[in-house]
Amino acid sequence: MSQHLGFIGLGNMGSPMASNLIKAGYRLSVYNRSADKARALVEAGAHQVNTPGEVAEAGGIVITMLANDEAVKSVTLGQNGILDRLGPGGIHISMSTISPALSREMVALHQQHQCTYIAAPVFGRPEAAAAHKLWVCVAGETAAKERVHPVLEALGQGLFDYGAEPEKANIVKICGNFMIAAAMETMGEALALAEKNGISRTEMIDMFGQTLFACAIYQNYGKMIAERSFTPVGFQMQLALKDINLVLDKAEESRAPMPFASLLHDRFLRGVANGQGEADWASLTNLISDDAGIQK
């Protein structure tokens with residue numbers, strides 16, 4: 001009989017991830033606050049439930065892929081949460097981008113219920129999730145990581161282990177998102193300068209994507225930014241602002257100045273304040289064009 005998994009969070013990332021688990025042969029119970037988002041998965045064989053806790057089987061595995069700390073806490077704790085249902089031997093794989101502080105808190109709470117908390121945040125946009133091309137950063141108890149290894153392999157093209165403390169994987173994740181945002185800011189500024197001097201945005205970014213910066217971020221985001229093509233939305237600006245706030249909080253706690261993160265915070269904050277919170281985070285580069293007086 002195929003293994004049962006619980007899956008909570010069927011947004012832009014969660015839905016294709018859950019779909020890949022079904023394709024890999026897992027039996028899924030799924031929950032999402034907006035129930036209609038589960039329709040396609042139910043048609044593919046998933047079982048939809050009405051509360052978060054119902055996805056969990058005693059001693060089983062539950063995956064959460066949610067927007068923020070509050071969402072993770074709401075489905076984990078309380079009468080309808082997963083923690084009481086998981087019980088001894090259960091594993092909660094949190095694949096969300098959350099604060100390292102909450103990750104530490106979750107470890108302690110799960111230990112009180114004799115189950116295990118693993119952090120496994122991912123890098124990749126929804127199209128990468130659908131194509132089984134995510135990069136997974138994992139940290140947690142060794143035996144639990146070994147048990148969930150096949151599950152994580154069904155979701156991504158590579159796993160990177162950061163040890164026994166789940167918060168370490170969360171720190172890697174927010175560092176990575178900071179570096180992606182920094183690259184987008186850099187590309188936006190450079191392309192604005194090029195455009196104001198009569199140089200083709202697409203030709204210049206294509207050259208750099210093949211030469212000095214021959215990597216996925218400069219190639220994929222570079223094309224989006226050069227063409228100002230930001231739909232469909234892969235990652236919302238309001239979530240990027242949340243992540244940069246997590247970076248700055250950890251930087252302050254660690255006494256590690258990050259002045260460029262402060263600039264990115266202000267850039268995303270301006271976008272959200274001007275009603276662009278649900279726009280793709282790469283559209284922060286439109287704000288750069290605005291500052292340069294470029295008519296788009």
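The values are calculated or read from the model by the stated rules, or taken from the named source; none is laboratory data. As the structure is a prediction and not an experimental result, all values here were calculated from the model. Here Cβ is always computed from backbone atoms with ideal geometry, including for glycine, and neighbour counts include all displayed protein chains. Surface areas here come from the heavy atoms of the whole protein model, side chains and all, with no ligands, DNA or RNA. Shrake-Rupley method; radii C 1.70, N 1.55, O 1.52, S 1.80 Å.
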Subject >> Filter result (among the β-branched types (Val, Ile, Thr) and open to solvent by 50 Å² or more (accessible area, probe 1.4 Å)) within segment 1-50 >> reply: 42
Original post:
Can you tell me which residues in segment 263-280 are open to solvent by 40 Å² or more (accessible area, probe 1.4 Å), in contact with a Leu (Cβ under 7 Å, 6 or more places away or on another chain) and more than 23 Å from residue 96 (Cβ to Cβ)?
Top reply: 270
Original post:
For segment 201-217, how many residues meet the condition of being open to solvent by less than 40 Å² (accessible area, probe 1.4 Å) and of a type outside the set (A, V, I, L, M)?
Top reply: 2
Subject >> Evaluation of residue 254 against (1) open to solvent by 80 Å² or more (accessible area, probe 1.4 Å); (2) of a type outside the set (A, V, I, L, M, F, W, C); (3) free of Cβ contacts under 8 Å to residues at least 60 places away in the same chain (one fails), failing number >> reply: (1)
Original post:
Here are some residues: 90, 158. Which one is within 20 Å of the chain's Cα centre (by Cα) and either crowded, with 20+ Cβ neighbours inside 10 Å or under 21 Å from residue 221 (Cβ atoms) (or both)?
Top reply: 158
Subject >> Single condition residue 225 does not satisfy, out of (1) closer than 30 Å to residue 71 by Cα; (2) open to solvent by less than 20 Å² (accessible area, probe 1.4 Å); (3) of a type in the set (A, V, I, L, M) >> reply: (1)
**OP:** Looking only at segment 60-82, count how many residues are part of a helix (DSSP H, G or I) and either small (Gly, Ala, Ser) or open to solvent by 50 Å² or more (accessible area, probe 1.4 Å) (or both).
**Re:** 4
Original post:
Are any of the residues in segment 193-206 hydroxyl-bearing (Ser, Thr, Tyr) and either under 25 Å from the mean Cα position of the chain (by Cα) or at pLDDT below 95 (or both)?
Top reply: no
Original post:
Name the residues in segment 12-37 that are at pLDDT 95 or above and in a helix (DSSP H, G or I), would you?
Top reply: 14, 15, 16, 17, 18, 19, 20, 21, 22, 23
**OP:** Hey, can you tell me all the residues within segment 40-54 that are out of contact with any helix residue (DSSP H, G or I) (no Cβ under 7 Å at 6 or more places or on another chain) and assigned to a loop (DSSP other than H, G, I, E, B)?
**Re:** 50, 51
**OP:** Consider residue 283 carefully, then state whether it is among the small types (Gly, Ala, Ser), open to solvent by less than 50 Å² (accessible area, probe 1.4 Å), assigned to a helix (DSSP H, G or I) and without any contact (Cβ under 8 Å) to a residue 60 or more places away in the chain.
**Re:** yes
Subject >> Test result for residue 144, under 22 Å from the mean Cα position of the chain (by Cα), over 23 Å from residue 12 (Cα atoms) and buried (at least 18 other Cβ atoms within 10 Å of the Cβ) >> reply: yes
